[in-house]
Amino acid sequence: MSKKKITIPEIKAKKLSKDKFNMITVYDFPMASIVDRSIIEMILVGDSLGTVIQGLTSTLSVNLEDIIYHLQLVRRGAPNTFIVGDMPFLSYQIDRKEAIRNAGILLQNGADCVKMEGGMDIVETVRAVVKAGIPVIAHIGLTPLATGMSGNFKVEGNNSEVAQKLLGEARSLEDAGAFAIVLQCLPSQLAKVIDKELHIPTIGYGSGPHTSAQNLNAYALLGIVDKFVPKFVKQYVHLYDEILRSFDTWHDETEKGTYPASEHCFDIEKDEFQRFY
């Protein structure tokens, strides 16, 4: 039995009812297919595919075509799951008309909404995209697209001045029409205040337990990647080790001649084989 895709009004209603929900980041058909059979409500096709899938050192090289390609894979795998398409670097910062056009392209290729990183600098762009009829999730706090300027990943809002700034950005993005907002790597106390002050749901990514929803990367959650795993990620299984062990075991069995065994082979009938050879 397939699940029913959640709608934006239902997502917003969860804020009022205080029902928690989840968004998981995946990039491919097999993983999306599993999510579609799960009770998880939302998928993010994030520009983090640059570091997780493409092996890049940052997300800055990810372009719109990359997001489109992975969106199409995920949509085929998860027809009944709400999908968020990330707006990559330079796809919305240059010109509002271009932002609207690129956001629309993501919707045409499988996204139910788009996600845009940034604070006060993108408020009017968010407003323009929403006015064009395209749903937007905002994203503040640690915004990976900005790490090229800051030089590193760090918790944001851990002093009163920055905390006040982030709260103001959240309010402005809500006013611009964003229907939800990702809070990345904020102190849990600040995330709690922002969630309380806003009427729209907050989606926490390393921001404590007080947000309306939680987001994690599936490949980190499953222990598939062996790179740095942030403090806020709980790894529910360590598939990297299991996969590595399976590869080595297969290699050993082929060396010893125990694979392929008879049950892995196709046979021709004896009479037919004698006619042939």
Scan of the range 14-50 for residues that are of a type in the set (S, T, N, Q) and touching a residue at least 40 places away in the same chain (Cβ under 8 Å), ordered by number: ASN22, THR25, SER33, SER48
Sole exception among (1) surrounded by fewer than 17 Cβ atoms within 10 Å (Cβ to Cβ); (2) modelled with pLDDT of 95 or more for MET149, by number: (2)
Failed criterion for LEU216 (all others in (1) in contact with a helix residue (DSSP H, G or I) (Cβ under 6 Å, 6 or more places away or on another chain); (2) assigned by TED's automatic domain parsing to the domain that holds GLY141 hold): (1)
Total residues in the range 81-112, condition surrounded by 23 or more Cβ atoms within 10 Å (Cβ to Cβ) and among the hydrophobic types (A, V, I, L, M, F, W, C): 7
Residues of the range 124-146 classified as outside any strand (DSSP E or B) and under 23 Å from PRO187 (Cβ atoms), total: 5
Hits in the range 1-51 - residues which are surrounded by 15 or more Cβ atoms within 10 Å (Cβ to Cβ), assigned to a loop (DSSP other than H, G, I, E, B) and in contact with a strand residue (DSSP E or B) (Cβ under 9 Å, 6 or more places away or on another chain): LYS5, ILE6, VAL26, TYR27, ILE40, GLU41, GLY46, ASP47, SER48
Candidates PRO187, PRO209, filtered to the one that is farther than 23 Å from ILE40 by Cβ and in the same structural domain as ARG127 (by TED's automatic domain parsing): PRO187
Members of the range 199-227 found to be assigned to a loop (DSSP other than H, G, I, E, B) and surrounded by fewer than 21 Cβ atoms within 10 Å (Cβ to Cβ), listed by number: HIS199, ILE200, GLY208, PRO209, HIS210, LEU222, GLY223, ILE224, VAL225, ASP226, LYS227
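Would you call ARG76 surrounded by fewer than 15 Cβ atoms within 10 Å (Cβ to Cβ) and among the charged types (D, E, K, R)? Spell out the reasoning first.
Numbers: surrounded by fewer than 15 Cβ atoms within 10 Å (Cβ to Cβ): yes; among the charged types (D, E, K, R): yes.
The answer is yes for ARG76.
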Within the range 237-266, considering residues that are in a helix (DSSP H, G or I) and among the β-branched types (Val, Ile, Thr), the one nearest to ILE224 (Cα to Cα): ILE243
Every residue from the range 172-185 that is touching a Leu at 6+ places or on another chain (Cβ under 7 Å) and assigned to a helix (DSSP H, G or I): GLU174
Test set (1) modelled with pLDDT of 95 or more; (2) part of a loop (DSSP other than H, G, I, E, B); (3) of a type in the set (Lys, Arg) - LYS192 fails condition number: (2)
Residue match in the range 107-118 (condition: closer than 22 Å to ILE203 by Cβ and either assigned to a helix (DSSP H, G or I) or hydroxyl-bearing (Ser, Thr, Tyr) (or both)): yes
Residue in the range 54-75 that is of a type in the set (Phe, Trp, Tyr), assigned by TED's automatic domain parsing to the domain that holds ARG171 and in contact (Cβ under 8 Å) with a residue 40 or more places away in the chain present: no
Odd one out for LEU73, checked against (1) farther than 27 Å from HIS210 by Cα; (2) touching a strand residue (DSSP E or B) at 6+ places or on another chain (Cβ under 6 Å): (2)
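The values are calculated or read from the model by the stated rules, or taken from the named source; none is laboratory data. Owing to the predicted nature of the structure, the values given are computational and were not obtained by experimental measurement. Backbone-built Cβ (ideal geometry, glycine too); neighbour counts: all protein chains shown.
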